Amino acid sequence: MSEPGRSVESLLADLAVHIDWPEPSAPRFDPRLARPQPETPRRRSWIPVTAALAILVALLLVLSPQARKAVADLLGVAGIEIDFVPELEDPVGAGLDLGRQVSLEEAVEAVHFPVSIPDWPGDPDSVYLSGSRVNMAWAGGEGLPASGDTGVGLLYSQFRSDGVAVRFIKSLGPESVVTPTVVAGWNGFWIEGEPHAISIEDRSGGRVEETLRLAGNVLMWETDEVTNRLETMLGLNEALRIAESMRSLPDR
Amino acid sequence: MSVEGRPLIEQELIQRARNGDVAAFEELVRMHQAIALRVAVLVVGDHSDAEDVTQEAFVKAYHALGRFRQDSPFRPWLLRIVRNEALNQRRRHGRQDRLGLRLAGDRLSGDAAPSPETVVVSGADRELVLAAVNGLPERFRQVVAFRYLLGLSEAETAATLGIPAGTVKSRTARALSRLEAALSGVIEEVGHE
């Protein structure tokens with residue numbers, strides 16, 4: 001039996017060898033290559049402190065059931081049994097006004113752009129939908145320092161950019177610094193120093209104020225369809241590693 | 001090409017380039033320049049613009065090399081940057097999203113050689129095939145272009161486009177069936193030759 005797809009494939013093979021492809025010229029030296037590669041930025045001094053605190057809190061959490069059991073044993077009140085049930089914890093990012101909590105699948109279903117997640121730290125702990133914006137939150141942990149008392153280590157927002165390029169970002173933090181950067185070839189901005197909000201001006205002159213949730217740093221970049229924003233306590237290099245590992249989720 | 005298939009020399013060049021050896025990076029560029037240019041042409045169409053795109057993308061890649069994961073294949077990592085830079089440029093110029101390819105006439109292009117599967121196709125039919133590919137929705141057109149016009153593997157296409165391999169597979173199947181429907185006349189003609 002003949003395979004109809006085979007004929008299409010052979011037509012494509014024919015097309016491939018008849019396309020007017022450009023001939024590579026000899027690579028010319030670009031003086032920008034002489035600029036040394038940026039070194040991994042030194043982590044801010046408070047990060048080890050935060051990490052140490054996180055470990056301490058984790059240790060306390062591990063130890064607390066035994067500690068409480070010991071207290072119960074000490075009490076030794078006859079007829080009273082103390083049951084230890086797992087605490088009903090709020091989902092990661094609850095209270096940050098991130099929208100309605102949904103599953104990853106629901107988020108993919110609800111919006112009209114490809115939803116992405118990073119290879120690391122992998123699937124988000126919580127996903128929220130706010131209008132047509134997808135917000136994802138990861139709890140702080142190893143390699144992902146948490147922000148303040150939110151417990152959130154990483155926040156990732158994605159929304160359709162409608163082909164309107166971000167032209168200008170003004171950081172509204174008192175001491176924040178905006179640096180242009182590149183995410184896998186896409187243009188982006190790195191805003192360091194606890195900005196409270198950022199203001200985006202699009203090509204048509206419209207200005208949108210973006211509220212930030214974590215008192216950390218912000219990496220913002222635009223792909224052809226989506227505006228992406230990471231909020232993190234990490235430095236630029238680590239944030240770029242996460243951003244560059246983004247993969248869109250499978251088609252619905 | 002998989003990681004396993006990556007020549008040792010490439011790994012050495014990457015390592016040297018990461019340590020600031022510009023000559024090693026230029027050698028890497030030379031190895032991947034032709035395919036990078038083709039990726040850029042797929043997006044921006046114009047050859048001279050594609051040249052500018054690749055030059056810019058190579059500079060961006062050089063400065064991002066420190067974040068390249070050595071256990072992953074280099075070519076799709078580089079091509080992803082090239083494609084994204086090409087999309088940046090296309091958007092800057094407000095160009096339309098279409099396959100900006102043209103045919104080379106009777107001569108075979110570049111270093112291409114006809115594969116055993118290559119069939120005899122008239123120039124007019126070839127134009128129809130190109131038009132049919134161009135008529136596909138973007139998400140289908142790009143996988144067809146990467147798989148069949150650039151000859152990238154499923155895994156390389158997935159890594160370059162930043163989508164799962166399963167998505168490449170399903171989009172390819174759907175794209176081929178659309179092309180089959182659009183080109184039924186041409187397919188029959190070829191079948192009788």
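Remarks
- In plain terms, if you count all Cα to Cα distances in the range A:100-248 and split them into 5 Å steps from zero, the share in each step is 2, 10, 20, 24, 23, 15, 5, 1, 0 percent.
- Residue order for A:E105, B:E154, fewest other beta carbons within 10 angstrom first, comes to A:E105, B:E154.
- Taking every residue in B:171-180 and counting other chain Cβ atoms within 10 Å of its Cβ, the average works out to 3.
- Evaluating kT/(6 pi eta Rh) at 37 °C and 0.692 mPa s, with the Kirkwood radius of the range B:8-92 over Cα pairs in the Stokes-Einstein relation, gives 256 µm² s⁻¹.
- With contacts taken as Cα pairs under 8 Å and at least 6 residues apart, the range B:8-92 reaches a relative contact order of 32 percent.
- Footprinting exposure proxy for A:W120, A:W21 (fewest neighbouring C-beta atoms within 10 Å first): A:W120, A:W21
- By the beta-carbon count within 10 Å of each Cβ, the least crowded to most crowded order of B:E156, B:E27, fewest first, is B:E27, B:E156.
- Under the Debye formula (equal points on every Cα, no solvent term), log10 I(q)/I(0) of the range A:203-252 at q = 0.27, 0.32 Å⁻¹: -1.12, -1.28
- Ordering of B:133-145, B:77-89 by packing [mean C-beta count within 10 Å, highest first]: B:77-89, B:133-145
- Estimated translational diffusion coefficient (Stokes-Einstein, Kirkwood radius over Cα pairs, 37 °C, 0.692 mPa s) of the range B:123-191: 265 µm² per second.
- Binned Cα-Cα distance frequencies in the range A:172-243 - 5 Å width, integer %: 3, 16, 29, 27, 17, 6, 1
A short reminder: the numbers here are calculations on the coordinates, not readings from a lab. The model shown is predicted, which means the values in this text are computed figures rather than measured ones. Ideal geometry is used to build each Cβ from the backbone, glycine not excepted, and the neighbour counts take in all protein chains shown.
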